[in-house]
Amino acid sequence: MKIIDLRSDTITVPTAEMRRAMYEAEVGDDVYGEDPTVNRLEQLAANMLGKEAALFTPSGTMSNLIAVLTHTHPGEEIILGSEAHIFWYEVGGASTLGGVVMRTVPNDPGGRMDPGAIEEAIRPRNVHQPQTTLLCLENTHNRCSGAVLTADYTATVAEIARRHDFRIHLDGARIFNAAVALGVPASELARPVNSVCFCVSKGLSAPVGSLLCSTRDFVERARKWRKMLGGGMRQAGNIAAAGIIALQKMIDRLAEDHANARRLAYGLANIPRIVISPERIQTNIVVFEPAPGLSAPDFVQTMNTQGVQFSYPGGRRVRAVTNRMVSAADIEEALNRVDLALKKSS
């Protein structure tokens, strides 16, 4: 039985072209700024996101943490969505290592925070309260079915930040999925924010890495935080080479993942005992629920035995993420297996 792995787009493996580029990469010591391949990747990332400079880090979690550490001081407060990846899946690093308070504002199903609610959450300048100094957005939004934030929405929120004299960081782990879905350059989505990071190790299929993009001054300060966190890599050009291929060759094909996600979502909607709103699916993440009477963990375990792997994000939800390793035919087979498994269990 073929295993159809829909747990995450992090399961993608490097392409043959990436492997060749990794083997042939020109390398140096990146901590000294002497790895030419890393330098090329960082400049390419900065140009594509419309920023002055970029920093190559091992992971999106590290990029987000470095961004918080660079933007804030201990005792300050950051505002982020109630479903934010930074809040849910990054081990509380912003609070533990950054010493900042995380104040959440509800995310709607589209991954947005109401601008009025953001403004209400901003602390007044008061000796009794932490100062609000950073707002964190997420595009696409992991826990909101891969929802996309438009450039107009981000600009509206950025205006609030400017008016209150604080900064915005964008967790853009899958920002190129958003760009493809909206038909706009990623730089347009990142233009209103002070810093943005994205991963090359998800749908773009590189094996390792994230890029944190901002001004030159910010990136130089961020580089020191990367070193403190143990993220200073030496001959990192071997992995940076795959990141270059990812940015040059793998963005346009994300549309295939989006089409497969819609195929999966509408197929699931036709299966009894599955609850889903397929019209909400914009990119490559599909979140759904088994009908009452069947728990999400039990469903995930049942499907594991049938060779279809989903992830369990909590509550009644099940998550599927389409990616380069899963074809349209695999989606149809996964739907057949889900349908059959639920009929057997009813």
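The values are calculated or read from the model by the stated rules, or taken from the named source; none is laboratory data. Computed from a predicted structure; not experimentally measured. Because the Cβ atoms are built from the backbone with ideal geometry, glycine has one as well, and the counts that use them run over all protein chains shown.
Check residue 228 against each of (1) touching a residue at least 24 places away in the same chain (Cβ under 8 Å); (2) farther than 30 Å from residue 327 by Cα and name the one condition it does not meet. That leaves (1) as the condition not met.
A count restricted to region 146-188 and to residues that are among the hydroxyl-bearing types (Ser, Thr, Tyr) and under 16 Å from residue 10 (Cα atoms) stands at 0.
Set side by side, the residues 208, 184 differ, and just one is among the hydrophobic types (A, V, I, L, M, F, W, C), out of contact with any strand residue (DSSP E or B) (no Cβ under 9 Å at 6 or more places or on another chain), surrounded by 17 or more Cβ atoms within 10 Å (Cβ to Cβ) and assigned to a loop (DSSP other than H, G, I, E, B), which is 208. Restricting attention to region 253-273, does a residue exist that is modelled with pLDDT of 95 or more and touching a Gly at 6+ places or on another chain (Cβ under 7 Å)? Yes, that holds for at least one residue. Total residues in region 4-26 satisfying the condition of being touching a helix residue (DSSP H, G or I) at 6+ places or on another chain (Cβ under 9 Å), closer than 19 Å to residue 264 by Cα and among the β-branched types (Val, Ile, Thr): the figure is 1.
Scan region 79-94 for residues that are among the charged types (D, E, K, R) and closer than 17 Å to residue 146 by Cβ and jot them down. Spell out how you get there, then give the answer.
Kept after step one, since they are among the charged types (D, E, K, R), are these residues of region 79-94: 83, 90.
Matches in region 79-94: 83 only.
If you go through region 221-243 and keep only what is under 13 Å from residue 24 (Cα atoms) and assigned to a helix (DSSP H, G or I), you end up with 237, 238, 239, 240, 241, 242.
Listed here are the residues, each with its yes/no results for (1) of a type in the set (S, T, N, Q); (2) assigned to a strand (DSSP E or B); (3) surrounded by fewer than 16 Cβ atoms within 10 Å (Cβ to Cβ); (4) on the phi < 0 side of the Ramachandran plot.
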{"site": "260", "(1), (2), (3), (4)": "yes, no, no, yes"}
{"site": "266", "(1), (2), (3), (4)": "no, no, yes, yes"}
{"site": "282", "(1), (2), (3), (4)": "yes, no, no, yes"}
{"site": "293", "(1), (2), (3), (4)": "no, no, yes, no"}
{"site": "299", "(1), (2), (3), (4)": "no, no, no, yes"}
{"site": "303", "(1), (2), (3), (4)": "no, no, no, yes"}
{"site": "320", "(1), (2), (3), (4)": "no, yes, no, yes"}
{"site": "336", "(1), (2), (3), (4)": "yes, no, yes, yes"}
{"site": "343", "(1), (2), (3), (4)": "no, no, yes, yes"}
